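Presented below is the structure to which this report refers.
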Amino acid sequence: MPSNDWGKILIIQLGVGLVGSAVIDEVLRRAPIWRHRHGIALSHWAVADSSGFVIPNDGERWLAPDTLADISHARRAGHRLASFPTFLPSDQWRRVLEGAILSAGSADRVIVVDCAVGHATTEMLLATRATGAHIVLCNKDPLTGPMSQFHALRRLGTRGTLRLSGTVGAGLPITSAVMAAAANGDAILGLRAVASGSLGELCSAMSRGDTFPCALHSAVAAGYCEPDPRRDLSGHDVARKLLILARLAGFTAELADVAVESLIPPSMESLTRDAFLAALPSWDNHLRERFVSARESGSVLRYVGTIDADGSLRAGLSETRQDDSLAWGKGPENTFMLRTTRYDHYPLVIRGPGAGASVTAGAVVSDILRAAGML
Ligand SMILES: NC(=O)c1ccc[n+]([C@@H]2O[C@H](COP(=O)([O-])OP(=O)(O)OC[C@H]3O[C@@H](n4cnc5c(N)ncnc54)[C@H](OP(=O)(O)O)[C@@H]3O)[C@@H](O)[C@H]2O)c1
């Protein structure tokens, strides 16, 4: 996309929850600055929740800033987008995509930003890539379907781009490091990662001697967990992140190939969320022995995701020496240690906040600017 060309770039945003609302706020705040600096006006053409899209009024080429601010406020107040007068149900996504391309003047001036959850956005994303428009994702699910779908979304060497820095490490430069190594022939020898903010906080608290229920409550209270914390405890989220990194590194793998250790206490998988939270105090001793034994041997336990040189993938609790970089991260920090032919004896270590709506929205906005040729 030409960066010095005056023009409009239109965003279709899927998902307006914690991250999506923060993205809208940031675009509203920064758009005048980008316009002044780069001569490019970034505007939203449509915003969607799971029920459907809000699009511009007839004759308008994008959503007015006031409408966008109303959308963000309405969602924060718990209202659905269906109450907006220019609402289109979600099965009308083709019409929304074609409308954006028409209004922008060409597909390469359209960016579909997926801040939703789940696989339901995938069909629209695939169609978007086929037009030559851009995609920015923080939703991991479309990238963790079958390998063929991953390739179809990436479409390397074709028009348009796929940006995904918000999917792993909330914008920490690990996805770009892995992609660069794979592209320039620097063979990946292995990756070890603490890649979950919630499990990082849980393990830090239990290493200090907190019980499992206490440690989980502090991770929930800090806002690091999914509404049902078992989604974090299952290790599924770490497995999805590992799979994305492994695929970017050039390995062929499916989600089922990741060997995952679940930290959900036995028999608590099938309870309702409320029953699970109510029964938690009876699991005071859950995992305690493993944390105590690690401490007695001078180590700490961390929930570690691993990619081996042969592409095998696993995620689970691992005893880590106190001087290991993976043991240093505090609370929700993520740490990635990448070993390649060039970074062998001294691995590349990337550490920083790897969860939270604000840093994730920052990653999404940076990817929008990259897709728009402004970064
Ligand atoms: N929060 C973080 O720290 C973080 C960090 C990294 C990555 N992420 C990823 O970022 C994404 C958003 O996270 P979040 O915390 O903002 O989640 P959230 O608060 O639960 O918001 C999800 C949003 O997606 C919408 N949605 C669901 N299905 C949709 C569909 N098919 N089409 C359009 N919109 C749809 C939801 O609408 P309804 O309310 O109508 O269902 C809601 O607006 C997730 O995929 C998450 O894994 C989050």
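Worth pointing out:
- Residue within segment 289-302 that is within 26 Å of the chain's Cα centre (by Cα) and not assigned by TED's automatic domain parsing to the domain that holds Pro146 present: yes
- Of all residues making up segment 151-167, the number that are within 16 Å of the ligand (Cβ to nearest atom) and in contact (Cβ under 8 Å) with a residue 40 or more places away in the chain: 5
- Val113 passes every criterion in (1) more than 12 Å from the ligand (Cβ to nearest atom); (2) open to solvent by less than 10 Å² (accessible area, probe 1.4 Å) apart from (1).
- Test: residue in segment 269-290 that is in a helix (DSSP H, G or I), modelled with pLDDT of 95 or more and under 21 Å from Glu333 (Cα atoms): no
- Here segment 150-161 is the region considered, the condition is being open to solvent by 30 Å² or more (accessible area, probe 1.4 Å) and of a type in the set (A, V, I, L, M, F, W, C), and the residue that is nearest to the chain's Cα centre (by Cα) is Ala152.
- Condition met for Thr211 (open to solvent by less than 40 Å² (accessible area, probe 1.4 Å), β-branched (Val, Ile, Thr) and within 16 Å of the ligand (Cβ to nearest atom)): no
- Applying a threshold of 6 Å to beta carbon distances and a minimum spacing of six or more residues, or different chains, the list of pairs starting in segment 236-248 at a residue that is in the same structural domain as Glu226 (by TED's automatic domain parsing) and ending at one that is in a helix (DSSP H, G or I) and away from the ligand (no atom under 14 Å from the Cβ) reads Leu243/Leu255; Leu245/Val178; Arg247/Phe150; Leu248/Val178; Leu248/Met179.
- For segment 332-355, the candidate set comprises residues that are farther than 15 Å from Thr306 by Cα and hydroxyl-bearing (Ser, Thr, Tyr); within that set, the residue that is most open to solvent (accessible area, probe 1.4 Å) is Tyr346.
- Selected residue (criterion: farthest from Cys225 (Cα to Cα)) from residues of segment 257-268 that are open to solvent by 30 Å² or more (accessible area, probe 1.4 Å) and at pLDDT 95 or above: Asp257
- Looking only at segment 322-331, residues that are touching a helix residue (DSSP H, G or I) at 6+ places or on another chain (Cβ under 9 Å) and either open to solvent by less than 70 Å² (accessible area, probe 1.4 Å) or part of a helix (DSSP H, G or I) (or both) come to 3 in all.
- Taken as a whole, the structure places Glu319 among residues that are open to solvent by 40 Å² or more (accessible area, probe 1.4 Å), closer than 19 Å to Ser196 by Cβ, over 19 Å from the mean Cα position of the chain (by Cα) and away from the ligand (no atom under 16 Å from the Cβ).
- Matching option when the condition is of a type outside the set (Ser, Thr, Tyr) and away from the ligand (no atom under 12 Å from the Cβ), among Ala195, Ala222, Ala183, Ala170: Ala183
- Subset of segment 338-375 (residues that are assigned to a loop (DSSP other than H, G, I, E, B) and within 13 Å of the ligand (Cβ to nearest atom)): Gly354, Ala355, Gly356
- Looking only at segment 11-70, and only at residues there that are more than 16 Å from the ligand (Cβ to nearest atom), open to solvent by 60 Å² or more (accessible area, probe 1.4 Å) and assigned to a loop (DSSP other than H, G, I, E, B), the one that is nearest to Gly171 (Cα to Cα): Trp62
The values are calculated or read from the model by the stated rules, or taken from the named source; none is laboratory data. Owing to the predicted nature of the structure, the values given are computational and were not obtained by experimental measurement. So basically every Cβ, Gly included, is an ideal-geometry build from the backbone, and we count neighbours across all protein chains shown. All accessible areas refer to the heavy atoms of the entire protein, side chains included, with ligands and DNA or RNA removed. Shrake-Rupley method; radii C 1.70, N 1.55, O 1.52, S 1.80 Å.
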